[in-house]
1. What is the residue count in the range 328-351 for residues that are free of Cβ contacts under 8 Å to residues at least 24 places away in the same chain, small (Gly, Ala, Ser), open to solvent by 60 Å² or more (accessible area, probe 1.4 Å) and closer than 30 Å to Val89 by Cα?
2. Select from the range 393-419 the residues that are among the hydrophobic types (A, V, I, L, M, F, W, C) and open to solvent by 40 Å² or more (accessible area, probe 1.4 Å) and list them in ascending order.
3. Only one of these conditions is not met by Cys378: (1) closer than 25 Å to Gly430 by Cβ; (2) open to solvent by less than 20 Å² (accessible area, probe 1.4 Å); (3) among the hydrophobic types (A, V, I, L, M, F, W, C). Which number is it?
4. Tell me, which residue of the range 426-464 that is acidic (Asp, Glu) and under 18 Å from the mean Cα position of the chain (by Cα) is surrounded by the fewest Cβ atoms within 10 Å (Cβ to Cβ)?
5. Within the range 18-48, can you find the residues that are under 21 Å from Leu200 (Cβ atoms) and out of contact with any strand residue (DSSP E or B) (no Cβ under 6 Å at 6 or more places or on another chain)?
6. Based on what the data block shows, is Pro154 within 30 Å of Ala87 (Cβ to Cβ) and assigned to a helix (DSSP H, G or I)?
7. Cβ-Cβ distance below 6 Å, separation of 6 or more or different chains: which pairs start in the range 248-272 with a residue that is under 30 Å from Thr468 (Cβ atoms) and end on one that is surrounded by fewer than 24 Cβ atoms within 10 Å (Cβ to Cβ) and of a type in the set (Phe, Trp, Tyr)?
Amino acid sequence: MSLPRFLPWINGAFAPTPDRDFDTVLNPFTGQAAAEVARATAADFEAAVKAAQSAFQVMRALPRHARRDLLTRISAALETRRAELGAAVAVSCGKPISQALAEVDRAIITFSLAADEARHMGGEVVPLDVDSRAAGMDGLVERFPIGPVSAISPFNFPLNLLVHKVAPAIAVGTSLVVKPPPQCPQLAFLLGALMAECGLPRGAYNVLHLALPLAEQLAVDPRFKLLTFTGSPAVGWHLKNVAGKKKVVLELGGNAAAVVHEDAGDLDWVAGRLAAGAFAYAGQVCIKVQRLLVHQPIYQAFTEKFVAATRALPVGDPMDPATVVGPVIDSAAGDRIESWIDEAIATGAKPLLRGTRNGSLLSPTVLADVPPVAKVSCREVFGPVAVIQPYRDWSEALATVNNSEFGLQAGVFTHHVNRIWEAFRTLEVGGVIANDFPTLRVDNFPYGGVKHSGFGREGVRYAMEDMTEPRMLVLNLNK
């Protein structure tokens with residue numbers, strides 16, 4: 001059976017085929033070829049940028065009702081093709097099918113949220129008579145799209161994290177050139193064809209499978225007015241450094257902590273919830289539970305419950321609806337994760353549960369007594385590994401959470417409202433989740449991190465603000 005082939009998506013269509021080099025994309029679970037994707041050329045890049053520039057003029061002229069209706073049609077089309085797209089996510093990045101379908105559901109919601117925001121996001125009246133020089137004058141502020149956007153998306157949410165860049169762009173009336181993840185670029189091309197069927201203007205969305213150094217032009221080229229990047233800290237901060245005068249939004253890594261106090265409530269529920277947050281999709285989520293901090297009085301009992309809940313998680317074929325822990329994205333990721341576990345154990349960590357490896361499948365590992373300098377503790381493991389440690393008091397726990405170069409999200413389990421407020425005011429993170437895992441993200445809230453975890457915020461309305469700029473009109477109608 002022939003493999004699906006994807007060519008550059010430029011100006012609303014797949015580009016011509018002659019004399020192209022193709023990369024083979026592998027199914028992470030089977031290791032077999034899943035698709036072939038054409039490497040974009042410098043000519044493709046130039047064509048995509050010019051298409052985006054032309055489409056920007058069309059998109060910015062669309063009235064709000066037209067943008068809202070377009071986003072609503074796209075949301076409905078995703079819902080109609082939910083099963084097909086869920087299977088595509090599962091095959092392309094190895095995400096268990098139940099989680100892949102949930103990702104499609106979130107993408108549907110994200111487009112729907114953007115449709116609502118396209119109607120409601122507007123300007124404001126600014127009173128100017130606070131200054132006697134402006135007596136009798138009126139002030140109006142409206143937000144205008146800043147220009148074409150370059151977007152780079154990651155493998156772990158190949159649909160919804162892309163949609164978090166695309167839907168806000170459509171909502172404000174701008175265009176994009178997108179670089180999808182090389183490990184699983186298929187969803188970006190499928191989305192392009194779907195949106196074209198829904199009436200997206202030609203050139204408003206362009207997809208290029210780019211190799212270095214050409215990919216860096218998405219940051220360097222001054223014709224883009226915003227770079228929105230989701231991926232590794234090393235690449236993200238480098239791109240910010242070379243991006244020149246354009247705006248940059250970075251959603252990078254984390255090593256999220258969950259703090260479990262003695263008044264957390266139902267420890268069985270908490271343990272099960274944190275096990276899912278640590279190991280679903282093999283831990284390949286930037287807000288996965290990586291560090292567990294447990295109050296000393298309940299440490300032993302909770303640790304036993306957490307290990308038991310982790311053992312119960314089904315590991316295997318991502319197309320099996322029961323699977324929770326699927327494969328890691330590729331063999332290099334598996335090798336790195338195993339080496340980090342081995343390093344931690346060699347320096348004194350105690351394996352409470354030592355995972356095994358079968359090809360791309362790594363079953364969960366839980367480590368205690370981990371040295372703070374071990375990579376599984378202080379860096380982003382992005383795999384099925386969690387570390388657990390006790391703490392004596394709440395202040396110590398919060399200080400330990402903050403003792404990290406990352407600051408994306410944290411979870412705190414306590415029913416004492418003062419402790420929750422203290423965590424909210426003290427923790428150096430982009431979001432604090434009280435009485436649930438830090439892996440929770442709802443698609444309308446501001447999402448992003450501090451320190452090494454990023455720069456700026458995503459979330460539909462917040463991304464729309466980044467893609468626009470305020471413009472002031474002063475009206476002197478008295479002369």
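1. 1
2. Those that are among the hydrophobic types (A, V, I, L, M, F, W, C) and open to solvent by 40 Å² or more (accessible area, probe 1.4 Å): Ala399, Val417.
3. (2)
4. Taking the range 426-464 first, the residues acidic (Asp, Glu) are 428, 436, 443, 458.
This time we only want the ones that are under 18 Å from the mean Cα position of the chain (by Cα), so: 443, 458.
Numbers: Asp443: 21, Glu458: 24.
Restricting to residues being acidic (Asp, Glu) and under 18 Å from the mean Cα position of the chain (by Cα), the top hit is Asp443.
5. So in the range 18-48, the residues under 21 Å from Leu200 (Cβ atoms) come out as 40, 44-45, 47-48.
Hits for the range 18-48 are Ala40, Asp44, Phe45.
6. No.
7. Leu250/Phe455
So that you can scan it fast, the table gives a plain yes or no per residue for (1) out of contact with any Ser or Thr (no Cβ under 7 Å at 6 or more places or on another chain); (2) buried (at least 22 other Cβ atoms within 10 Å of the Cβ); (3) over 30 Å from Arg223 (Cα atoms):
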position	(1), (2), (3)
Ala257	yes, yes, yes
Ala264	no, no, yes
Trp269	yes, no, yes
Ile287	no, yes, yes
Leu292	yes, yes, yes
Ile298	yes, no, yes
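The values are calculated or read from the model by the stated rules, or taken from the named source; none is laboratory data. As the structure is a prediction and not an experimental result, all values here were calculated from the model. Reconstructed Cβ throughout: ideal geometry from the backbone, glycine too, with neighbour counts over all protein chains shown. We work out accessible area using only protein heavy atoms, side chains counted, and drop any ligands, DNA or RNA first. Shrake-Rupley method; radii C 1.70, N 1.55, O 1.52, S 1.80 Å.
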